[in-house]
Amino acid sequence: MRSLIDIQELSTDEIDRLIDTANDIIDNPQRYSEKCKGKKLATLFFEPSTRTRLSFEAAMYDLGGHVIGFSEAQSSSSAKGESVADTVRTVGYYADIIAMRHPKEGAPMVAAMNSRIPIINAGDGGHNHPTQTLTDLLTIKREKKRFDSLTIGFCGDLKFGRTVHSLIGAMSRYENIKVVLISPDELKLPEYIKQTILEPKGIEYTETTSLEEAIPTLDILYMTRVQRERFFNEQDYIRLKDSYILTPEKLVTAKKNLSIMHPLPRVNEISVAVDKDERACYFKQVENGKFIRMALIMMLLGVEQ
Ligand code: CP
């Protein structure tokens, strides 16, 4: 029985296989429509979500399975003080696999240690979001046809942005990756990620506060929202929330084949005028999210492909 808590638990071969399966699902959806017949996914979301929860649910339905679960902590017995461990022990009698989002870093790992069925981390606090990373990797592969020799700019809230932390971890395994970290000083990438991932793997990285200076060098621009829910002080959030706003004017100096990504939801950080730019990939990410989650559910349930 295997869970997925951190993207680093997957080997490069496994990531390649998941991407191949997702691409095959995109081309041949009917072939997969009964792969999880009789199986149940439980979505335990202690924190808000649109894309992750609904794409997991759509993924299980498109595999012929069923879905149970809750979308807020207040509608579960955690509101009465039940622990994560007891919650997943209970759900293990009703479902075959769990996708869990929780505001506390490490909660899905605690769940996995106490569960008889696989746990998928659907985002834990400011820590990790491995299925968003699989979504991002599928999108990068479909857009760029490769993972090697890419310069990726991460822009915005690099301190709390769990999708950034996971994607840096995943991309660091490929050759000739360069990373440009674009953020206000207060929202820089945590030192532990530089010390445990970027520096040991010899990834070339630079830090800047200027999106305009970075843009011409990039193959991928990964924009992020400033994570209001992680701030202790509303005044700090208000001061930092509009640090970067991507507009068509700022893209004039960008490469013609730049890929503009964002895990969404966005607030102000990408102007809606950019949506018309053919380099905008963020709604392709939304679409790809369902297919890669279908592939992952099958893998963790040991379903023949
Ligand atoms: N990208 C992402 O995790 O979106 P949701 O918060 O809507 O699930």
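Looking at the square roots a ≥ b ≥ c of the eigenvalues of the Cα gyration tensor of segment 70-112, which shape do they give, rounded for a/c under 1.5, prolate if a/b is larger than b/c, or oblate? Write out the running numbers ahead of the final one.
Numbers: a/c = 1.43, a/b = 1.10, b/c = 1.30.
Verdict is rounded for segment 70-112.
Where Lys and Arg each count +1 and Asp and Glu each count -1, what net charge lies around His165 among other residues with Cβ under 13 Å from its Cβ?
Around His165, the surrounding residues sum to -1.
If packing is taken as the mean number of other Cβ atoms within 10 Å per residue, what is the order of 226-237, 123-134, highest first?
Ranking the peptides 226-237, 123-134 by packing returns 123-134, 226-237.
Quick check: net charge around Ser78, other residues with Cβ under 12 Å of its Cβ, Lys/Arg +1 and Asp/Glu -1? Walk me through the intermediate numbers first.
Details: positive: Lys80, Lys104; negative: Glu47, Glu72, Glu82, Asp86.
With Lys, Arg at +1 and Asp, Glu at -1, the neighbours total -2.
Evaluate the distance, in nm, between pseudo-label points positioned 7 Å from the Cα of His66 and of Asn268 along their respective Cα→Cβ axes.
4.7
Using a 1.4 Å probe, what is the accessible area per residue for segment 1-87, in Å²?
The answer is 50 Å² per residue.
Could you tell me whether segment 161-295 comes out rounded, prolate or oblate from its Cα gyration tensor? Rule is a ≥ b ≥ c as square roots of the eigenvalues, rounded for a/c under 1.5, then prolate if a/b exceeds b/c, otherwise oblate.
Because its axes are fairly even, with a/c under 1.5, segment 161-295 counts as rounded.
What distance in nm separates the two pseudo spin-label positions at Glu229 and Leu54, each 7 Å out from Cα along the beta-carbon direction?
Inter-label distance under the simple model: 1.6 nm.
Can you work out the base-10 log of I(q)/I(0) for segment 1-82 at q = 0.11, 0.13, 0.19 1/Å, using the Debye formula on its C-alpha atoms alone?
-0.40, -0.55, -1.04
With a/c under 1.5 counting as rounded, go ahead and sort segment 1-42 into rounded, prolate or oblate using the C-alpha gyration tensor (a ≥ b ≥ c being the square roots of the eigenvalues; past the cut-off, prolate if a/b is larger than b/c, else oblate).
On the way: a/c = 3.19, a/b = 1.26, b/c = 2.54.
It comes out oblate by the Cα gyration axes.
Can you check what the Kirkwood hydrodynamic radius comes to for segment 100-228, Cα pairs only, in Å to one decimal?
Details: mean 1/r = 0.0654 Å⁻¹.
This gives a value of 15.3 Å.
Using 0.36 nm per residue, how much length does the chain from Glu199 to Asp86 gain when fully extended, once their Cα-Cα distance is taken away?
Separation in residues times 0.36 nm, less the Cα-Cα distance, equals 36.8 nm.
Under a crude label model (7 Å from the Cα following the beta-carbon direction), how far is Lys256 from Glu287 in nanometres?
Rounded to a tenth, the inter-label distance reads 2.3 nm.
What net charge do the residues around Glu204 carry, taking every other residue with its C-beta under 13 Å from that of Glu204, with Lys and Arg at +1 and Asp and Glu at -1?
Net charge in that neighbourhood comes out at 0.
Checking the table Lys80/Lys188; Lys250/Lys290; Lys141/Lys255; Lys39/Lys290; Lys144/Lys178 against a 26 Å threshold on Cα-Cα, which pairs fail?
On the way: Lys80/Lys188 37 Å; Lys250/Lys290 31 Å; Lys141/Lys255 18 Å; Lys39/Lys290 17 Å; Lys144/Lys178 15 Å.
As for pairs spanning more than 26 Å Cα to Cα, those are Lys80/Lys188; Lys250/Lys290.
Calculate what fraction, in whole %, of the accessible area of the chain sits on carbon and sulfur atoms when a 1.4 Å probe is rolled over the protein chains.
Accessible surface attributable to carbon and sulfur in the chain totals 49 percent.
What Kirkwood Rh does the chain have if only Cα atoms enter the pairwise 1/r average? Answer in Å.
19.8
Quick one: which of 143-150, 244-251 comes out on top by average Cβ neighbours within 10 Å, and what's the full order, highest first?
The densest-packed peptide leads the list: 244-251, 143-150.
Given the rule -39500 (n - 2.57) for each run of at least 4 DSSP H residues, summed and divided by the residues of the chain, what is its mean residue ellipticity at 222 nm, to the nearest 500 deg cm²/dmol?
Computed mean residue ellipticity for the chain: -10000 deg cm²/dmol.
The values are calculated or read from the model by the stated rules, or taken from the named source; none is laboratory data. Not measured: the values here are computed from a predicted model. Please note: Cβ atoms are built from the backbone with ideal geometry, for glycine as well, and neighbour counts cover all protein chains shown. When the accessible area is computed, the model is the full protein with side chains, heavy atoms only, and any ligands, DNA or RNA have been set aside. Shrake-Rupley method; radii C 1.70, N 1.55, O 1.52, S 1.80 Å.
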